[in-house]
Structure formats: structure tokens, C-alpha cells
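Taken together, the values in this text are just the output of simple stated rules run on the coordinates, not laboratory data. Quick caveat, the model's predicted, so the values are computed rather than measured.
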Amino acid sequence: MAEKGLLKEWLTRRRRNRSIELAYKQMKSSVETVVELRRCLTAIIDGDFTEAEKSIGRLFLMEMDVDELRRKVLIELAKEEPSKFREDFTHLVQGLDVMADHVKDSARSLLVLLRKKKIVPREVWVSYLNLVDNIVLCTRALLRAIEELTDKSEEVMRYVIEVDRLENIIDEQYISIMETLVGSEELKPGVLMTLKSLLEFLENAADTCAGTAEYIRVLLG
């Protein structure tokens with residue numbers, strides 16, 4: 001792990017490098033997958049299931065784009081002289097890539113429910129939407145923390161703390177939704193299992209964000 005402050009210097013010197021530009025594009029695209037997932041849930045709540053499936057299709061394409069960008073970023077970073085700075089930045093890139101993978105897995109669970117035309121109470125969908133709202137905020141705060149690494153450490157830490165705050169809220173929402181699912185008598189076993197899988201994937205996405213933010217906290221010393 002790079003010495004405190006030196007990663008900032010390394011990034012600042014390479015701000016206009018192709019590898020760094022591609023990395024920021026990839027990370028922003030990762031965040032957009034969560035935004036698209038929110039659009040999908042909104043469409044489901046509105047009863048527009050056709051639009052919800054289209055949204056999932058867009059999300060899958062976006063995730064493929066994220067994967068392709070990640071490969072390009074890693075190729076470009078490999079051209080850099082081996083260093084702890086390169087290793088640290090690669091870790092941040094891969095953190096958001098893993099988060100996007102969890103979002104894609106969430107979308108797959110939604111697609112199964114949509115294609116099988118399974119009935120889920122509106123209040124359950126609303127609780128999932130509220131959780132995803134906070135994941136959107138969490139991923140955006142993480143992205144801002146990464147973007148601020150070339151600027152003031154105080155700003156970076158402010159966003160890292162915001163990620164922590166949001167993760168705590170998401171944890172509470174996770175427990176609340178799980179209690180609702182376990183206590184439900186109207187959800188069929190297959191639907192219940194799929195909704196629980198969806199919840200786990202969303203929790204994994206939030207945990208990945210929090211883990212990446214914690215890595216940044218350690219970098220700051």
C-alpha cells in the first residue's frame with residue numbers, strides 16, 4: 001500500500017493519462033448501473049413491466065461496457081511502471097467493477113420475477129426501491145471520494161464518512177426487509193427465495209462500496 005499522500009501525487013501527475021481517464025469513465029459507468037436498477041424498480045412499481053424488462057436489458061449492456069472498460073484500464077495500467085500506487089489505484093477500479101457485478105446479479109433476480117409474472121406486494125417493491133436509493137447515494141459518494149484523491153484529503157474523508165453512514169442505513173433496511181419477507185404469508189416459496197437472493201445481491205453491492213471506501217480511509221492514513 002502506498003505511503004500517505006503519495007498516491008495523490010501519483011494520480012495528479014497522471015490525471016490526463018489514458019489509463020486514468022479510462023478508469024474514471026469505468027467507475028462512473030459502474031455507478032450508472034445502480035441508477036438503471038433504480039429505474040427498473042420504479043417501472044415495476046408503476047406497473048410498466050415492459051419498460052422494466054427494457055431497463056434490465058440496458059443494465060446488462062452497461063455492465064458489459066463496464067467489464068470492457070475494466071479490461072482496457074488494466075491493460076493501460078500494466079504499461080505503467082510497477083508500483084504500490086498503481087496497485088492501490090487498480091484496487092479502487094476493481095472495487096467498483098465488483099459492485100457492478102452484484103448489481104447485474106440483482107437485475108437477474110428481477111428478470112426472473114418479471115418473466116414468471118410473479119406477484120409481489122407493492123409495499124415490498126417500495127422497500128427495495130428505498131434501499132436502492134441509498135445504494136445510489138452510497139456509490140456516488142464513493143465515486144466522489146475517488147475523484148477527490150487528487151485534491152484535499154479532508155474532502156475525500158468527508159465522502160468516505162458519508163459512505164459509512166449510508167451503509168449503516170442500508171444495513172438497517174436489509175434487516176427490515178428480511179423480517180418482512182420471513183414474516184410474509186402471501187409470498188410463495190419460489191418468490192420468497194428470489195426476493196431473498198435479490199436482497200443479498202444488493203447488500204453485497206453496498207458492502208463492496210463500504211469496503212472500497214475503507215481502503216481509501218487506510219490510504220489516507
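Of note:
- Euclidean distance between Cα centres, the stretch 169-212 to the stretch 73-143, Å: 15 Å
- Among the listed pairs 28/79; 28/196; 28/104; 54/117; 25/196; 104/196, those beyond 21 Å (Cα-Cα): 28/79; 28/196; 25/196
- Helix 84-115 and the long axis of the chain differ in direction by around 10°, with both axes built from C-alpha atoms.
- The chain: angle of helix 49-78 to the longest principal axis, Cα-based, in degrees nearest 10: 20 degrees
- For the chain, calculated [θ]222 nm from helices alone, where every DSSP H run of n ≥ 4 adds -39500 (n - 2.57): -30000 deg cm²/dmol
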